[in-house]
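Some notes on the structure that comes next.
The values are calculated or read from the model by the stated rules, or taken from the named source; none is laboratory data. Remember, it's a predicted structure, so these values are computed and weren't measured experimentally. Reconstructed Cβ throughout: ideal geometry from the backbone, glycine too, with neighbour counts over all protein chains shown. For the accessible areas, the whole protein counts, side chains as well, though only heavy atoms, and no ligand, DNA or RNA atoms are used. Shrake-Rupley method; radii C 1.70, N 1.55, O 1.52, S 1.80 Å.
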Amino acid sequence: MPDIGLFEAIHTARSLRRLKPDPVPEGLIAQVLDAAIRASSAGNAQNWAFLVVRDSALRRQLGAIYRKASDIAAAMYTAKGRPAHLSEAQYQRLMATGAHLWDHMGDAPVILIPCLRRPDVPPVSGVQHDAELAYANRIRGASIYPAVQNIILACRALGLGTTITTNHLRCEDAVRALLGLPDDVDSFAMMPIGWPIDPFGPLSRKPLSAVVHAGRWGSAWPG
Ligand SMILES: Cc1cc2nc3c(=O)[nH]c(=O)nc-3n(C[C@H](O)[C@H](O)[C@H](O)COP(=O)(O)O)c2cc1C
């Protein structure tokens with residue numbers, strides 16, 4: 001796999017949900033994980049843990065949980081309909097590849113589960129504990145999702161397909177029990193990893209003019 005530039009990786013790391021069953025060498029997964037742990041975390045706490053699931057029976061059971069959770073996701077997608085910024089073709093691709101994964105999560109040769117230990121929020125005199133707990137909760141995902149993005153980009157650089165998924169959190173307790181997560185550890189994503197059937201990028205997004213404001217909200221950005 002020839003090296004690709006960072007911006008090429010960012011622009012082409014699309015969600016790849018259709019994966020070949022071929023095995024992925026452990027050395028490549030180690031490279032992906034080594035990129036994951038370079039991410040930032042609040043207070044540099046690095047309270048993360050990553051479960052690399054290769055065992056076929058475990059993968060099948062994770063796949064069954066993902067399938068069950070996806071029934072709820074399917075109903076939600078139907079209720080919401082196509083977002084206005086997606087073309088019919090883009091929406092159909094999302095629905096078709098998403099539905100493929102509902103049935104095939106367990107077939108991915110590797111399923112990676114990024115987890116995070118709950119934060120330690122000690123009572124401190126002069127600090128409102130409830131407010132501090134709410135703050136810790138508000139920023140919690142920001143200590144694991146940068147690592148998830150590094151996983152996505154590292155996979156892209158190595159030619160591996162993946163996507164972030166969170167559907168399983170609808171059946172979180174089943175995943176917790178299956179994987180034996182400690183009480184103070186939560187899973188934040190379920191990432192199938194394998195050699196992709198479909199090509200990488202390019203990624204299409206709303207234009208900057210639709211999402212960037214110059215200073216205060218609503219002021220057009222000249223860029
Ligand atoms: C928080 C979050 C949760 C997601 N959950 C799922 C999921 O459960 N299943 C899935 O197939 N994709 C999931 N995705 C992937 C999105 O569908 C995907 O990022 C989006 O459609 C853009 O795809 P693209 O990068 O290929 O253009 C999730 C993405 C995010 C950021």
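Residue count for the range 149-181 under the criterion of being more than 11 Å from the ligand (Cβ to nearest atom) and either in contact (Cβ under 8 Å) with a residue 24 or more places away in the chain or surrounded by 19 or more Cβ atoms within 10 Å (Cβ to Cβ) (or both): the result is 15. Here residue 198 fulfils each of the conditions (1) away from the ligand (no atom under 11 Å from the Cβ); (2) acidic (Asp, Glu); (3) open to solvent by less than 60 Å² (accessible area, probe 1.4 Å) apart from (1).
Flag: residue 135 does not match the condition of being aromatic (Phe, Trp, Tyr), surrounded by fewer than 20 Cβ atoms within 10 Å (Cβ to Cβ) and within 13 Å of the ligand (Cβ to nearest atom).
On the basis of being in a helix (DSSP H, G or I) and either open to solvent by 80 Å² or more (accessible area, probe 1.4 Å) or in contact (Cβ under 8 Å) with a residue 24 or more places away in the chain (or both), does residue 38 make the cut? No; evaluated as a whole, the condition is false for this residue.
Could you please find all residues in the range 57-66 being touching a residue at least 12 places away in the same chain (Cβ under 8 Å) and over 20 Å from residue 182 (Cα atoms)? Result: 60, 63, 64, 66.
Among the conditions (1) hydrophobic (A, V, I, L, M, F, W, C); (2) part of a helix (DSSP H, G or I); (3) touching a residue at least 12 places away in the same chain (Cβ under 8 Å), the only one that residue 49 does not satisfy is (2). Residue 67 falls short of the stated requirement of being within 16 Å of the ligand (Cβ to nearest atom), of a type in the set (Lys, Arg), open to solvent by less than 80 Å² (accessible area, probe 1.4 Å) and not in a helix (DSSP H, G or I). Of all residues in the range 1-26, those being of a type outside the set (Lys, Arg), more than 16 Å from the ligand (Cβ to nearest atom) and closer than 22 Å to residue 107 by Cβ number 6.
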